[in-house]
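Notes follow once the structure below has been shown.
Readers should treat all values here as calculations from the given coordinates under stated rules, not as data from a laboratory. In this text, all values refer to a predicted model and were calculated from it rather than measured experimentally. A quick note on method: Cβ atoms are made from the backbone with ideal geometry, for glycine too, and the neighbour counts reach across all protein chains shown.
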Amino acid sequence: MQQETTPPNVARPLVRIVGVHKYFRRGSERIDVLNGLHLEVGEGEFFGLMGPSGSGKTTLLNLIAGLDRPSTGEVWVGTQCISRMSESQLARWRTRHVGFVFQFYHLLPVLSAYENVELPLLLLPLSARQRRQQVELALELVGLKDRMWHRPGQLSGGQQQRVGIARAIVTDPELIVADEPTGDLDAASAEEILDLLEELCSGLNKTIILVTHDPRAASRAHRVQRLEKGVLVDGRIEPASRH
Amino acid sequence: MFKFALLALKNIRRNPILSLLTSAGTVILVLVVTLVWSVLAFLDQATREKQQNLKAIVTERWQIPSQMPFSYAATLCEGAAREPDHVRPQDAMTWSFYGGTMDLRNRTLNNTVFAFALEPEKLLTMMDELDSLPPGERAAFAPAVERLKENRQGIILGRERLTLLDKRVGERIRLYGINYRGIDLELEIVGVFPPGRYDKSAAIHRDYLLSELLDKWPREHGGQPHPMAERCLNLVWLRVPDTAAFAQVAQQIETAPYYTNPSVKCETASSGIATFLDAYRDLLWGVRYLLVPAALASLALVMANAISISVRQRQMEIAVMKVLGFRPRQILLLVLGESLILGTLAGLASAAATWYGVNRLAGGIPFPIAFFPKFFIADDALLWGPAVGAGAALAGSFVPAWTAARVKVTDVFSRVA
C-alpha cells in the first residue's frame, strides 16, 4: 500500500475516511462511485491519489474538501466530522480549514492577483491591514509579490497557478487539496508548482492531497494510492520516475 | 461590505457591451416611466382638493365648452349672495376665450392667438401661479398689467407666442376672430408673461372684447346681436377661504333663481379639472395601469435577461467562490448587488438626463390639456428614477441570483472534468 517515503505524522491523521460510499442516481439507475472507502492522511503528509478517469478521484476529493457529502460513511478532518455539516457550515469550514488548487486555476479574470488572493479573506473578520499582510505574505511565498497587481490574463499559466496556490494558503488552512494542479502546465512550470507544494508541506507542515494522472507529479508525494472503480489500491510509483 | 460592492462593480465591467446594452434599456424605460409619471403626478396634484384658500369654477352645467351669458357675471362674482348671511367670495375673475388669427386666409398655429379676456388686475390676484409670483418676478410683470389696465386694446403675450408671431413689445397686431366671427381686434403688445406656464398664452382686456361684441356689432348690424353675444362668458373663478365657504357658495349659486337657461354648476378648480380630464379618462387609465406597468415589466425582463446571461457565463466562477467558502446568501447578494448598481446608476442617469433635458433644455413637455400648456419633470424624479431602476433591477435579477446561489459545485466541476 505505502510508497517508500514514510509520512511525517502518520500517527496523527488529519483526514479520516470511514466506510464511505458514494453513489449517484440517474433516473432509476444507481451509479456507485465510491465503495466502502477507508483512508487516513496524516498531518503534514503529501498524499498522492491516482487513478483512471471515472474512478472517483474527484468525487473523493470533493468529499474531503467538504464540497459534497457521502451517501454513507463519515469524513473527518481534524476533530470535525464534516460529512454531518450543513451546506452553510461546510462553506464556513472550507474558508478556514481547506485550500483548493484547481487544474485550470479558476482565477476571477476581473480581479488582480492581489484581489484574487484576498477573496477568501473577505469572508473572515479581518481588518484591511490584516488582509493586506496575509495576501502579501502568501504572494511572497509563491514568489509573485512583484506581480500582485497583474490581472490573470497578464500572467503565464505557471504564474496563474501560483496565484491559485497563494489563494489556497492565504487563510492558513491545515489541508490543501489539489486537483490535477499541473495538468494544464508545461513541464518546467509543472516542476515549479510541485516544488512549491513540496515546500508548503515540508516548510509549513501543510497536509496536501494531490489528485493527478501524472506519475511524475505523484512521485513527489510521500505516499500514493490508486483509486480504481471506487476502491483504493496500492499506488507504487517507480523510483526512476521521481524528480 | 465595501469590498463586496467593489467586486460587484468589477463584475459589471467584465462584459462592457452587455452592461452597456442593459443600461441603455434601463435608461430608455426609466425615461418613459419618468415622463409618464411626471404628467400623471402633475395631473394628480392639479386634481387634488385643497383645504384652504381654494378656487372654485363656475361653468355651464350641461355643456363643454361652457358658454354662459355675460349677464351672469356680476352676480356670480358675488357668489350669488342674496341674503345677509350668505358668503361672498374673497375675489373673482371672469374668463372669455377669444381665438383670433393674424391671417384669416392662411391660418396657421403660428399666426393664431388664443387669449383670455379678463379684467387685467385679476392677472396678479387670481391667475394660477401668477397670483403667487416671487416678489422680483411680480414686480417685473406688474407694469405690463398696469399698461393693460390703462390700454384696453392692449395684449399680454407669452414668450413663445411672441416669438412665433415674430413681434416685439410695443408693436401692434390685428386679430381676426375665429370663435367670434367678425369680431376683429386691433391690439398693442403691452407686455409678456413671466416665463413658464403661460409661454404660449395671451391675455386681453375684457372690456375691449365686450364693447366690440355687445356695443359695436349691433350698432353696425342694424341692432342685430352677434351670435356669441349671449354666450361670451366661459368661466367664472371664485376664491374662497376654505371648504366650508366653498360648500356654502356652491349651494348659493346652484340654488339661485338667476341661472336657469343655461343652468350652471360650481365646483372646485381641482374637481373642475378632473371633470375636464374625464374626457381623457380611458387614455389616462391606460397610461397609468397599462403603459407604466408594461414599461416596468419590460425593464425587469431586460434586467433578468442580462443578469441570466451573466450568471450563465460565470457559473464556474460562482462555483469557485463557493469552494472558497462563499455561502449561497452571499452569492445571491453579490448578483443582486450587481443588478442593483446597474439599475440604480442607469435610473439616476436617465432621470437626471430627462429632468435636465425637459426642464432646462426643452422648457417643459408640450402636452396641452386642461389649460396646462406644458408639463415639467418633478424634482422628485431624481429620487424615484434611480428607485425605479433599482426596484426593477432587483425584481428582474432575483431569479437569476437565486439560480446562481443554488449552483452545485460538484455539478459544475463534473461538467469540466
Hey, what do the phi angles of the range A:94-108 turn into as Karplus ³J(HN,Hα) couplings, whole Hz, using 6.51/-1.76/1.60 and θ = phi - 60°, x for Gly and Pro?
4, 4, 8, 10, 9, x, 10, 10, 9, 4, 9, 6, 6, 7, 6
Computed ³J(HN,Hα) along the range B:158-171: with the Karplus parameters 6.51/-1.76/1.60, θ = phi - 60°, integer Hz and x for glycine or proline, the list is x, 4, 5, 4, 4, 5, 4, 7, 6, 10, 10, 4, x, 7
Assuming 0.36 nm per residue, please report the length gained on full extension of the stretch B:Glu129 to B:Ala362 beyond their Cα-Cα distance.
81.9 nm
Given the DSSP H assignment, sum -39500 (n - 2.57) over each helix run of at least 4 residues in chain B and divide by its residue total; what's the result at 222 nm in deg cm²/dmol, nearest 500?
-15500 deg cm²/dmol
Under a plain spin-label model, where a point goes 7 Å from the Cα along Cα-to-Cβ, how far apart in nm are B:Phe2 and B:Trp402?
3.4 nm
Over the alpha-carbon set of the range A:184-228, divide Rg by the Kirkwood Rh and report the Rg/Rh ratio to two decimals.
0.96
Looks like the range A:77-211, by Cα gyration tensor root eigenvalues a ≥ b ≥ c and the a/c under 1.5 rounded cutoff (else prolate when a/b is bigger than b/c, oblate otherwise), is oblate
Among B:Arg14, B:Arg288, B:Arg174, which one moves the most in a GNM of chain B with springs linking Cα atoms closer than 10 Å?
B:Arg14
Taking the Cα atoms only, what angle lies between the long axis of helix B:243-255 and the longest principal axis of chain B, rounded to 10 degrees?
50 degrees
With r defined as the distance between the Cβ atoms of B:Ala297 and A:Arg25 and R0 fixed at 35 Å, what FRET efficiency is calculated, to the nearest 0.05?
0.35
Would you please classify the overall shape of the range A:30-91 from the alpha carbon gyration tensor, given that a ≥ b ≥ c denote the square roots of the eigenvalues, rounded means a/c under 1.5, and beyond that prolate means a/b larger than b/c while oblate covers the rest?
oblate
Which of rounded, prolate or oblate describes the range B:54-136 when judged by the alpha-carbon gyration tensor and an a/c cut-off of 1.5?
oblate
Mind checking which lysines have their Cα closer than 19 Å to the Cα of A:Lys206? Skip sequence neighbours fewer than 8 apart in that chain.
none
Selected from A:Gly48, A:Gly66, A:Gly19 as most flexible by GNM, with chain A as the system and alpha-carbon contacts under 10 Å:
A:Gly19
Treating the range B:298-417 as a set of equal point scatterers at the Cα positions, no solvent, please give the Debye-formula log₁₀ I(q)/I(0) at q = 0.21 Å⁻¹.
-1.04
Largest first and in whole Å, give the semi-axes of the range B:122-274's equivalent ellipsoid, each being the square root of 5 times a Cα gyration tensor eigenvalue.
29, 26, 12
Rounded to the nearest Å, the spacing of the alpha-carbon centers of the range B:330-370 and the range A:20-40 is 54 Å
Per residue of the range B:197-211, what does 6.51 cos²θ - 1.76 cosθ + 1.60 with θ = phi - 60° give for ³J(HN,Hα)? Whole Hz please, x for Gly and Pro, Karplus curve as stated.
4, 9, 4, 10, 8, 8, 9, 10, 6, 4, 4, 5, 4, 5, 5
Add -39500 (n - 2.57) for each DSSP H run of 4 or more in chain A, then divide by its residues: what number comes out at 222 nm, to the nearest 500 deg cm²/dmol?
-9000 deg cm²/dmol
Where both residues lie in chain A, what percent of DSSP beta bridges are antiparallel, nearest 5?
55 percent
Rounded to the angstrom and largest first, Cα extents along the principal axes for chain B equal 105, 50, 38
Pairwise label distance in nanometres, B:Ala244 with A:Glu199, each label 7 Å out on the Cα-Cβ vector:
9.1 nm
Pairwise FRET efficiency - B:Tyr289 versus B:Thr260, Cβ, R0 = 41 Å, nearest 0.05
0.50
Computed Rg/Rh of chain A, alpha carbon atoms with Kirkwood Rh
0.96
Quick shape summary for the range B:88-208, equivalent ellipsoid via Cα gyration tensor, semi-axes whole Å in descending order, reads 23, 16, 12
